[in-house]
Every structure is written in structure tokens, then in C-alpha cells.
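Asks: What follows is a single structure, and I will ask about it in a moment.
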């Protein structure tokens, strides 16, 4: 087979696979909505702003095919397929079958497959990495100055897509650096010049920022901000900066454990081929092995050390695409293992082509197709449209999380959904560039959006007062204490008096479209699960409000629906338990509160597994303690004092600063052990000196203690 023909076959097979399985509209994926917004308007994305992707994405919009989101999906699929073709060409010296096996391993990699179907720059990065690898290997075989200078130019240019390609720089230099450059100072200077020439693509940022685009993240027209964008100092409050909350390297070992799971999930037994390939290459060609080892270590373990992200689902979803550069090297080593002759234990006398065919079938044996087929993933599309159905004309809606706010940006601004609505982003509301740009964002209403920080209740009240129209928040917004919330209205919560007066008719849910499987645990990725949770939280909040309004039967139906979407939602059985308690059905109430306690136990274990920040863990422990207090009261009324005492003790173990738990223990000991009664009341008063019940009964308890210590003759 001639090399070009083989590359074309690899391309069309991969492109057909990704085209068939990609979502039909905006993917519910981290920054996809932001990328569609910036490419559609030639804006400035979050640092380092990805100018190459923005310009290529804008260029793709001229295709007269589908929506802008669909065209960007096509760009991702094309880039992923082209990356595999470039990899096939790079490994062709190992033989067509070995190169094909590497392409199959990478093509069926669930993370690679995923990024080939979302509106992000990751598959383009892999294309650029494969091109650089191909050129480096050509330079190793035939060191030509012109090819080397082209390599340098492309290195600078490709960094304009994603800067993490820098991690490959040492390995690529070791692999392809011509010996002549060490002696020729002119060639060395030209090399640096060509890299800088490629990096000039970043001038897009200040030049475009000066024109006042709709999206002008960090406003890099100012030199200080421009440098901040290049160094990611200007990322503001984005979620990937949570790593700064941990000591350097603190999350390295937990991330290695997760990374090992990723490798086994995507390579399976083929990992052994990669290990054998590394060993055999080290024996046959030590320099080549050293170069590929640098490529792997820098983009794998070293990246994980630098990222330092906690192993929770959201952070892992952020980190996961960065595994792919190291996955490329593992696929290369697997190909080298096949080319150099796999041992009889693995090959069993089979030809390399048979091994390649077995690798091709492996993902389907593990259910990969069902996992990656996103043709009918409309959850993100329906979520945004349902949010818009939930709010009246002229509203302002606040959102925070990446998928929620960026998806709203896309459908609202790019596709023109509900031009009467204004959208505010809580996560970046404190950023100066956002304040300066917000007035330009909501041009459809003719009314500027006056923004400011949205952290405490005073900030929210100031925002509401500064903007006309009813204000709502989505479920991902962090509502501060002291802020009055209205009864939920569909997928949003009213935050202003005007929005609360619109009413909260549960019948709105009859008009919300839900296509697909709305079970949190059955969704194939974090981001779609997170949107399912938004529905569950909305139903939970509405059910709680209806309980207070006395609409018990309707509340129960909504709460059970929320619980069916996500079982690890302990507030739901708390509401159901409270409802049963009010009806006097104590046994049922106890069962629900026990379910809630078990749910909180599960959440507490997850905070340990995910290395959650103390503020998050403490909030969950406090809620769990409150639920246990209620359960203890029910046990008392059920004449189960031992269970009540154990429950109160458990509540204090979770949150020692609960005076009510000590008071309830004092009630349990009343007329039985006056010494312990006094001890518990004193403990309650040590936490809250003004705790009224403890102050009221302390004199009687002390009198009872004296009487028990000095009985009458």
C-alpha cells in the first residue's frame, strides 16, 4: 500500500466514525459554548485565548452546512481524523500493520473519541502534535535545514492553539534536532526567529481586543493584561485554578491512581504491548527511547504533578483531555512492540495484522460504542431552552458553572434564542474586563447589563437594584446566606421581588422538554450528569416549597421524581421525612431520615475521596448533623432512647458546635442522671451562652443534681 493511500484510508475511516457518533448540536462539554461564542464573533476566549482555534473556527463557519456548533464539531472530527493519518505516516517505518494498530488504539480511546465530537481545541492540538512528531522523525532520518526551520515555525504557530504542547519540546528536540545547529550559530538564530514568527499569532489578542469584540476576556489590549493572558494569570475565577488551594504535588498520587484507571480503561491488555515496546526500543535504539520517554513523562506524570487537581469528577473532567498527549506515546510504543516482534505469549504465532484486528475489536468488547455514541445527546440543548422557558419576558438570568453559562451564551448570543433576556455570569462577575464588556453583550434588549461582584447578599441586592426586570438564578449559582429566594420556577430560582411575583406554577414542568436518559448515574460523562442534577435540584427545591405551602401530595410526587434522577441527594428524604413527621407517621419519618443519614454518609466519604476543600466538607457535615438531630427527636418519640442518644452523639461527631444536640441529650438524661444533664446543658451553653432552653432548665438541673448528691434521710 502506498503511504498516501494508507493515510487517506485511515482518515476516512476515523472521520466516518466520529461523524456518525458526534452530537448534533452544542456538546454539553466544559468550554464548548465559550468556544462557539468566540469563534462566531471573533472574540477573545479565556487565557491563553487560543487564537489559532478561534480563527480556524471562524473560517469553518463559512461552510453552508448546519449550525455554527455543528461546523465546529466537524472541525474537531476532521482534526482528529487528520491526527491519526499523520500518526500513521509518522510510524510507517515500523510497517503498515504496526502503524495501523497504533491508530486503532488511539482512535478508539474514549477520551480521544470524545474530544473529536466537541467544540473544543483538543483534537486540533493532537493534529499539531502528530505533525510535529512526523517532522521530528523525518528530521532524525534526514536533517534538512529547510525542514528544520519549517518545524520551528510550526512549533510557534501551533502553540497558538494550546500552550501545553510546550511539554513536548524537550522530547521533540532530542528526537529531531539536527547536529548542524549546534555548530551553526546563524541557523540557531534563524531557528529562534522562526519560532517567534509563529508565535506572532498571539498578536491577534491585543489587535482584536482594541476593536471591542463582544467577548473580550481579560482585555489583552493592555500590555499588562496581554502578558497575563499569555501566562494564564488573567484566568480570573475559572475552575482550573482550584489547584492553588492545595500544596504543590499534594494531589499527585491521587491523580496517578485515576490516570492508571484511564490507561486500563482505554488500553486494557494493550498496555503490556506498550511496556514491551518501551523495553525493546530501549534495547534497539536508546536515543529514540529516551526522546519518547521525555515526551511521555512531560505530558503524563509531570503534567499531573503541575496540574495538582483534586480527584473529584469536575476536576477530572478538566484534566482528562490532557492525558491524550501521553496516550499518543503509549500507542507508539505498542506499535513498536508489534514491529519488533511480540513474544509468543501475546502473538501466539499470529501475524501483526491479526494483532491489529484484535486491538480494533477490543473497545467494542468493553462497550465503547454505547458509551461514545452521542447522536441523540440533546441534554445541553434542552437544558438551555428549558431555562429560557422558565423565565418571563425581559428577565435577567444568572448562571455560574462552565457548561451552564457558556451554553446560555451560545444559544442566546450565537443562535439568537430569547433576545429579550440578559445573561449574567457569576464566576467572572468580579473581573474588571467583564464589567467593561457587559454593556455590549446584551444588545438585543437595548438595555445594558450593569454588573458587579456576586458573592455576598449585599452584592446580589446591589445587582438587582441596578438592573431593571425580574432576576433569576440557575441551580449552579452559589446563593449567599441572607439572600431571600423565591419559590423555584422551572429550572430557575427567583431572586428579586419582581421575579417572585411572577409565581411558581409547577405546571411549568409540563412544558419542559426532556429527551434522553435523565438518571445521573447512567450518564456517560460528568457534564451531562451535572445537567441532570440541575433538574433534580430544581424539583427538590420546588417540592420543599410546596411542603411549606401545604401541597403535600404534589410535593411528594416532585420529590420522588428528583430522587429518581439522583439518589445521592439526601435533602430529598429530609423533606419526605419532615412531611411524614408532620402527618404523625413517625416510623415512616424515621425511615426517610435514616435514608438521608446514609446519603450524607456517602457524600462525606466522597469529600474524603475527592480531597474536597474544608469549606465544602464542613457544609456537608453540618447538614448531616442537622438531619441526625431530627432523626434523634423521632427516635425519642418512638421510645427508642438508646438509638436517640447514639444519633445525637453521631451528630456531635460531625459538628461539635451544635448546642441543640447537647440539650437533647440533657432531655434524655432528665430524671435519670442529673450529673450528665448538667454536663450537657453546660456544654450547650459553652457553644451558645444565650441558648434559651439551656438557660431555662439549668437551675432545675443543678437543683436535681444537688438533690441526688444529698438525698434526704
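Asks: If we count other beta carbons within 10 Å of each Cβ, what is the order of 191, 326, 337, fewest first?
Replies: Going from least to most buried by this count: 191, 326, 337.
Asks: Over the chain, calculate the relative contact order: mean separation of alpha carbon pairs under 8 Å at least 6 apart, over the residue count, as a percent.
Replies: The normalised contact order for the chain reaches 11 percent.
Asks: Treating the angle as unsigned and between 0 and 90°, give the value, to the nearest 10°, between the Cα long axis of helix 122-141 and the longest Cα principal axis of the chain.
Replies: Around 30 degrees separate the two axes.
Asks: If Rh is defined by the Kirkwood formula over all Cα pairs and Rg also comes from Cα, what ratio Rg/Rh do you get for the range 1-112?
Replies: Looking at the range 1-112, the ratio lands at 1.03.
Asks: Further question: Return the tail of the calculated pair distribution for the range 657-713, meaning the percent of Cα-Cα pairs more than 14 Å apart.
Replies: Percentage above 14 Å: 45.
Asks: Also, quick follow-up: How much mean residue ellipticity at 222 nm does the chain get from its helices, if each DSSP H run of length 4 or more adds -39500 (n - 2.57) and you divide by all residues, to the nearest 500 deg cm²/dmol?
Replies: Computed ellipticity for the chain at 222 nm equals -20000 deg cm²/dmol.
Asks: Taking other Cβ within 10 Å of each residue's Cβ, how do 406, 303, 267 sort, fewest first?
Replies: 303, 267, 406
Asks: Let me ask something else. Looking at the chain only, what percent of DSSP beta bridges run antiparallel? Nearest 5 please.
Replies: In the chain, approximately 35 percent of DSSP beta bridges are antiparallel ones.
Asks: Taking N as the number of residues in the range 3-372, what value does Rg over Cα atoms divided by 2.2 N^0.38 Å take?
Replies: Output field value: 0.98.
Asks: Give the order of 287, 244 when sorted by the count of other beta carbons within 10 angstrom, beginning with the fewest.
Replies: Result, fewest neighbours first: 244, 287.
Asks: Additional query: In square nanometres, what is one fourth of the surface area of the convex hull spanned by the alpha carbons of the range 570-642?
Replies: Computing the convex hull of the Cα atoms and averaging its projections yields 4.8 nm².
No value in this document is a laboratory result; all are computed from the given coordinates. Everything numeric here is computed off the predicted structure, so don't read it as measured data. Positions of Cβ are backbone-derived with ideal geometry, glycine not excepted, and every protein chain shown enters the neighbour counts.
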